[in-house]
1. Enter the accessible area per residue of the range 213-317 (Å², integer; probe 1.4 Å; all protein chains in place).
2. To the nearest 0.05, what FRET efficiency results for Ser140 and Thr339 with a Förster distance of 35 Å applied to their C-beta separation?
3. Can you give me the solvent accessible area of His367 with a 1.4 Å probe, rounded to the nearest 10 Å²?
4. Assuming a ≥ b ≥ c are the square roots of the Cα gyration tensor eigenvalues, decide whether the range 238-288 counts as rounded (a/c under 1.5), prolate (otherwise, with a/b larger than b/c) or oblate.
5. Report the accessible area of Ser309, computed with a 1.4 Å probe over the heavy atoms of all protein chains in place, in Å² rounded to the nearest 10.
6. Just subtract the alpha-carbon distance of Ser379 and Lys357 from 0.36 nm times their residue separation and send over the number in nm, one decimal.
7. Where does the Debye-calculated log10 I(q)/I(0) of the range 142-247 sit at q = 0.15, 0.17, 0.22 Å⁻¹, using only Cα point scatterers of equal weight, no solvent?
8. Give me the extension gain from Glu129 to Asp202: residue separation times 0.36 nm, minus the current Cα-Cα distance, reported in nm with one decimal.
Amino acid sequence: ASTSLVEVASCGPRAMFVWRALILQLHLLQGDASNVLLGSAACSDASTDECSSFLQANSKRSITSMSKVTNVSETPRDANQSNPLGNVTFANWSAKNYMFIHIPKCAGTSFRADASLVVAPSYFQENREESFQSTPRGDSQIDMIIFRSPLVHILSQFMECKYDFWGNMAVAGTDFPTRPGLYGGLAEWINHFVELKDAPLDGALPDTEEWAQIANYRCYNPWNMQTRYLATEWSHSAPFNSFEPNLQTAVGALNRVQFVGLSEFYIESLCLLNLHRHGTVPETCACGGRGPLAGTSHLEHFVPDHAISDLPPAVVKQMRKLVRLDAQIYAMVLKRFETELRHASEISGVQMFCPEKFDTMWVQVDHLLGELGLANVTSLKRSAQPSGRQ
């Protein structure tokens, strides 16, 4: 092992950092939290912001990894009664197979772990981060997608490429703009995608997969990723002509997806899924509750804490150029999810709907749409709120 480390060290400090990151994650995946202490030694001769931030994330990840979810919460009320949701909106999905279309950086890894418990014993599978168009369909299949607020989604993609061991390995040997500081390189990364042209890169033509891989540093391409996952066969990467896919194609695909959730409403998404699968929800799904499970997964991918509010306005302005379609898709999903959760609360008698939380989210969405010149698009507006809401 020492010979291997010497060989890696000869490749430069970044290669050594990736190697150490991989060793540390293997310890954590094995549940050996005590070996997080090895991180101190791993960074002892590497005084980089990346290494310090990496350890900050790992210290929290080790705690999370020791509290694995293994059981469902207490029996939901009226669990033995016949399914009360025998209508068009909430059909009983108990006999179905569940397919999770995993859009990267939308809490999908956590959802995959938790949703499989919620729908048990039904068959659950994940499509390995392929697009909706590339995912096989089945007659008894329930498709599920989790979406995320577009600007937060972009920042999460960058942080994954910069800090996660997979991201480090993916961008190794490319010109990915890593700079000192927590967000070092972000502005250059955003500008790179904004300024991409319909022209060859390193000899690759812009309609080819090789061009797509070069363009995204072999990691993620943030151009309307959530819309791309609905409307095209492309996933992590995309050729130039797929940066802004057909919105109506995406909407048509969205309408065929039986279950949509939101990472910002993670617990509510699990509760809604529980209602679809079992016809009931536990009292712990009430606003502010822990949800249908005794505990939930929270995987940080070794990425330090980050927030859009930390970023300079000029960087955020550039980020908005990459999400014009994703902003519209997100508004549609939020509108649909809010309507379904309200109805689910009425039917189940468990008040899963948290008014203030949706109010806050809609303020953010309306602001983004306004900055993109989409404030007056009727289909993107929030549905009228019932009087005397809870």
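The values are calculated or read from the model by the stated rules, or taken from the named source; none is laboratory data. Predicted model, so just to flag it, every value in this text is computed and none were measured. Methodologically, a virtual Cβ is constructed for each residue, glycine included, from the backbone with ideal geometry; neighbour enumeration extends over all protein chains shown. Each accessible area value is taken on the protein alone, full model and side chains, heavy atoms only, with ligands, DNA and RNA left out. Shrake-Rupley method; radii C 1.70, N 1.55, O 1.52, S 1.80 Å.
1. Numbers: 3630 Å² over 105 residues.
So the range 213-317 comes to 35 Å² accessible per residue, rounded to a whole number.
2. 0.85
3. Answer for His367: close to 110 Å² accessible.
4. Working: a/c = 4.64, a/b = 2.48, b/c = 1.87.
It is prolate, given that a/c is not under 1.5 and a/b is the larger ratio.
5. 100 Å²
6. Gain on extension, Ser379 to Lys357, equals 5.8 nm.
7. -0.62, -0.80, -1.29
8. 23.6 nm
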